[in-house]
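The values are calculated or read from the model by the stated rules, or taken from the named source; none is laboratory data. Predicted model only: the values in this text are computed from it and were never measured. Positions of Cβ are backbone-derived with ideal geometry, glycine not excepted, and every protein chain shown enters the neighbour counts.
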Amino acid sequence: MGILYEDAVLIKEAEKAGDYTVITVNCPDKTGLGCDLCRIILLFGLSIARGDISTDGKWCYLVFWVVGKPTRRWDLLKNRLLEVCPICSPAASEIYYYRPEFQQPKSPDVFLLKFWCYYDPKGLLHDVTKVLCELELTVKRVKVSTAPDGRVLDLFFVTDSRELLHTKERQEEATGRLKAVLGDAMISCDIEPAGPEVATCLQGSSFLPSAIKEDIFSLELPSKHPNSFRTSTPVSVTVDNCLSPSHTHVQIFCQDHKGLIYDVMRTLKDYNIQISYGRFFKNPKGNCELDLFIMQVDGKKIVDPEKQNALCSRLRMELDRPLRVDVLSRGPDTELLVANPVELSGRGRPLVFHDITLALKTLDVHIFSVEIARHMIHDREWEVYRILLDDGDGCPLPRNEIEECATKKLMGWE
């Protein structure tokens with residue numbers, strides 16, 4: 001089976017405000033394809049309001065109804081979605097076929113973006129992060145330091161989705177956009193390959209206090225944990241093997257949040273579970289309902305009660321606490337800590353740093369330094385953001401207000 005390359009991903013833009021943009025994907029199937037597609041949709045700042053998934057195990061058909069600003073770069077989104085579809089080199093009659101040997105992911109080159117500023121403009125980190133997102137530069141790690149004289153040094157480890165950051169033209173584009181945003185505050189801006197000798201200076205501390213590990217990274221069910229996001233609608237996950245002779249039916253009901261469909265898909269991808277049919281939608285009350293018919297990688301239903309309970313427990317936890325947010329004491333200072341689980345494929349959740357810096361800019365809170373690092377905790381990899389806040393001369397904001405604002409931005413509850 002094959003399909004014309006240009007028809008593999010179709011995007012029908014919303015005709016007027018309030019309408020949905022419809023994204024249709026028609027291509028060979030692979031385990032985790034839904035997760036990869038939803039991650040890209042989330043990366044472009046779009047929200048999935050409805051969706052339909054259907055596959056026979058070899059070929060799949062997916063439809064997403066999304067909402068977002070009408071100024072989105074739809075052509076670029078289409079190209080990024082095509083990149084994760086199992087559609088490769090041309091065969092006869094201008095038809096493209098699935099060729100697994102072309103689907104091996106290539107690790108992107110890492111570059112160091114370094115710039116000095118005379119002072120720290122309000123919301124500097126968010127403005128820079130927003131530009132990097134628009135340029136399709138992914139922040140892998142960041143270190144922000146404030147010198148005694150007030151100058152600010154920002155060091156970003158980034159990768160380029162276009163794989164062009166080694167060229168002079170692409171570097172000039174990036175530095176030009178940053179200079180336009182920072183204006184007279186910028187002293188210098190340089191981009192260079194991040195070799196091993198450079199990377200060592202930005203390694204996040206391998207030490208995390210044990211109290212943080214137990215509180216933030218607990219894998220207990222949210223109902224037993226005091227630090228959940230306290231959603232108004234409890235997460236409900238049920239399984240049923242009676243509705244289909246060949247599939248396990250999973251039904252999920254929960255409060256909607258940014259990236260919810262991605263959180264479900266990445267969990268199933270990590271469990272190596274195939275979705276044969278799925279339907280989900282967000283109702284007017286802000287709750288999301290999902291019906292999924294799934295099977296294991298061996299093509300069989302999930303009949304083992306222990307496997308069923310493990311899957312349901314993990315889905316409940318991931319939907320109740322897709323990210324971990326807390327405000328802590330770091331000596332005399334205040335630290336905002338945000339952690340999100342990393343997919344087994346090595347990808348972290350997109351736009352986390354963007355949303356953190358947006359929340360702090362909204363609160364008019366100055367950022368003194370930032371550390372982003374990955375840690376293996378409870379046999380699971382986490383991407384951990386540690387943001388040291390500068391209270392300045394004024395009265396510091398209550399910690400619960402900082403935590404609440406960061407949580408709302410990250411979860412899309414605005």
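None of Thr55, Thr31, Thr24 is among the β-branched types (Val, Ile, Thr), more than 24 Å from the chain's Cα centre (by Cα) and under 24 Å from His247 (Cβ atoms) except Thr55.
The set of residues in the range 113-135 that are buried (at least 18 other Cβ atoms within 10 Å of the Cβ) and over 24 Å from Leu389 (Cα atoms) contains only Leu135. Residues in the range 273-288 that are in contact with a Lys or Arg (Cβ under 8 Å, 6 or more places away or on another chain) and not basic (Lys, Arg): Phe280, Phe281, Cys288. The set of residues in the range 318-341 being part of a loop (DSSP other than H, G, I, E, B) and without any contact (Cβ under 8 Å) to a residue 40 or more places away in the chain consists of Gly331, Pro332.
Residue count for the range 17-60, restricted to those that are of a type outside the set (A, V, I, L, M) and closer than 20 Å to Lys282 by Cα: 16.
Being buried (at least 17 other Cβ atoms within 10 Å of the Cβ) and not assigned by TED's automatic domain parsing to the domain that holds Asn283: is that true of Leu76 here? No. Check whether at least one residue in the range 348-365 is over 30 Å from Ile48 (Cα atoms) and over 15 Å from the mean Cα position of the chain (by Cα), and report yes or no. Taking every residue of the range 348-365 in turn, at least one turns out to be over 30 Å from Ile48 (Cα atoms) and over 15 Å from the mean Cα position of the chain (by Cα).
Scanning the range 374-387 finds no residues that are charged (D, E, K, R), assigned by TED's automatic domain parsing to the domain that holds Gly150, in contact with a Phe, Trp or Tyr (Cβ under 9 Å, 6 or more places away or on another chain) and buried (at least 20 other Cβ atoms within 10 Å of the Cβ).
Residue under question is Cys88, and the condition is that it be at pLDDT below 95 and part of a strand (DSSP E or B); does it hold? Here the answer is no, as Cys88 does not meet what is asked. Screening Leu360 against (1) within 29 Å of Ser236 (Cα to Cα); (2) of a type outside the set (Phe, Trp, Tyr); (3) assigned by TED's automatic domain parsing to the domain that holds Lys143 leaves a single unmet condition, (1). Could you please find all residues in the range 148-180 being aliphatic (A, V, I, L, M), surrounded by fewer than 19 Cβ atoms within 10 Å (Cβ to Cβ) and under 14 Å from Asp190 (Cα atoms)? Scanning the range 148-180 gives Leu153, Leu155. Looking at the range 295-315, can you tell me whether even one residue there is in contact with an Asp or Glu (Cβ under 9 Å, 6 or more places away or on another chain), farther than 15 Å from Ser218 by Cα and not small (Gly, Ala, Ser)? The answer is no; no qualifying residue exists.
Considering every residue within the range 187-202, establish whether at least one is under 24 Å from Val327 (Cα atoms) and either in contact with a Lys or Arg (Cβ under 7 Å, 6 or more places away or on another chain) or at pLDDT 90 or above (or both). Yes, some residue in the range 187-202 is under 24 Å from Val327 (Cα atoms) and either in contact with a Lys or Arg (Cβ under 7 Å, 6 or more places away or on another chain) or at pLDDT 90 or above (or both). Looking across the range 268-293, the residues that are in contact with a strand residue (DSSP E or B) (Cβ under 8 Å, 6 or more places away or on another chain) and outside any strand (DSSP E or B) come down to Leu268, Ile273, Asn283, Gly286.
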